[in-house]
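Since the structure comes first, as structure tokens, the remarks are kept for the end.
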Amino acid sequence: MIISKVVSALPSIVVTNAEIAPICGSDEIFLEQKAGISTRHFLSPTENETWLALQACQGLLDHIRASDIGLCIWVGQVRKQTVPHASALLHASLELPQNCICLDLGLACSGYVHALAVADAMMRAAVIDSAMVVTCDPYSRILDMTDRNTAPLFGDAATATLLRASGTGIILGRSDLGTDGKGAKYLECSAGGRLHMDGKGIFNFALRQVPTSVRRCLSENSASIEEIDYFIFHQANAFMLKHLCKIMAIDESKCPIRMRNVANTVSSSIPLVLEQLKLENGNRLILSGFGAGLSWGTIYGRYEGGTER
């Protein structure tokens, strides 16, 4: 299976550090220099997750006919409308064919990688040529704006990824997926409530589990860490990513960061990086997401195509 194209969409409201820091009791300099965040986008009261996802999907349909999509996977946990499933709403709005399989994955920061693995299996089983993975998790809907541990760190975004059974793009290999439900308390939100995050718990989990997952994934794909050109980690915060690089002895130049103007966009963070990444033929990548669940997912890829995507 191949990642052929990624398109993103951002909501209209832009919130600066200067605006949010006084509300939540955070520090502008810390957010800018340590977390690596300057601004974030929030949905407005008249916007919702389906509308935002449709903006990304419409951009993707400039590259493929809706009638050719055989699988649509929605990745996200925060929704205004819970029934029917979000991918069914996209199906209607995009006029996808009736033989298109539509399903939702209730995962957050690890969800994109899980969706890629699920799509690969389903495309093989059902002989599907083209699929779409859509991410949208508007955490602004569940943030307590006075909570310094969450409010300034998250932003809203949506992405749509076109997957094909053949062609040029990022050819995906084997993945490493897992869950540690005993750590659920570190990142949770009850129905109708607000997000609670134990930042230290999540930080320790990531630094412990992500390197292990990456090593297992590399082994499964007969690759070494030195052979990887880009490590695309979930964009939790710049401080955490730099620590991951240090622990794994990765040159920071191999770890792109795109969160300064969008913050942590949950399931959309990895595809947002992919959208802007300039790849050369033969480049090798590791995509690794981690977060709520607790859960993690790492997948290997190799770019085959032109000099850039």
For residues in segment 16-34 being out of contact with any helix residue (DSSP H, G or I) (no Cβ under 6 Å at 6 or more places or on another chain), touching a residue at least 60 places away in the same chain (Cβ under 8 Å) and aliphatic (A, V, I, L, M), which is most open to solvent (accessible area, probe 1.4 Å)? ILE23
Name every residue in segment 1-35 that is in a loop (DSSP other than H, G, I, E, B) and either at pLDDT 95 or above or within 30 Å of GLY305 (Cα to Cα) (or both), in order of residue number. MET1, LEU10, PRO11
Kindly check whether there is at least one residue in segment 219-227 that is within 17 Å of ASP137 (Cβ to Cβ) and either in a helix (DSSP H, G or I) or among the charged types (D, E, K, R) (or both). no
Could you check segment 255-279 and list, in sequence order, the residues that are in a loop (DSSP other than H, G, I, E, B), out of contact with any helix residue (DSSP H, G or I) (no Cβ under 9 Å at 6 or more places or on another chain), touching a residue at least 40 places away in the same chain (Cβ under 8 Å) and not polar (S, T, N, Q)? LEU277, LEU279
Looking at segment 206-241, which of the residues that are open to solvent by 50 Å² or more (accessible area, probe 1.4 Å) and free of Cβ contacts under 8 Å to residues at least 12 places away in the same chain is farthest from ILE299 (Cα to Cα)? ARG208
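This table checks each residue for (1) aromatic (Phe, Trp, Tyr); (2) open to solvent by 40 Å² or more (accessible area, probe 1.4 Å); (3) in a loop (DSSP other than H, G, I, E, B).
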{"residue": "GLU47", "(1), (2), (3)": "no, no, yes"}
{"residue": "ASP62", "(1), (2), (3)": "no, yes, yes"}
{"residue": "THR82", "(1), (2), (3)": "no, yes, yes"}
{"residue": "SER87", "(1), (2), (3)": "no, no, no"}
{"residue": "LEU90", "(1), (2), (3)": "no, no, no"}
{"residue": "GLN98", "(1), (2), (3)": "no, yes, yes"}
{"residue": "ALA108", "(1), (2), (3)": "no, no, yes"}
{"residue": "ALA119", "(1), (2), (3)": "no, no, no"}
Among all residue pairs at least 6 apart or on different chains, which show Cβ distances below 7 Å where the first residue, located in segment 114-142, is farther than 19 Å from LEU96 by Cβ and the second is among the charged types (D, E, K, R) and open to solvent by 10 Å² or more (accessible area, probe 1.4 Å)? ILE142/ARG194
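The values are calculated or read from the model by the stated rules, or taken from the named source; none is laboratory data. Quantities reported herein were computed from a predicted structural model and do not represent experimental measurements. Glycine also receives a Cβ, built like all others from the backbone with ideal geometry; neighbour counts cover every protein chain displayed. Ligands, DNA and RNA are excluded from the accessible area calculation, which covers all protein heavy atoms including side chains. Shrake-Rupley method; radii C 1.70, N 1.55, O 1.52, S 1.80 Å.
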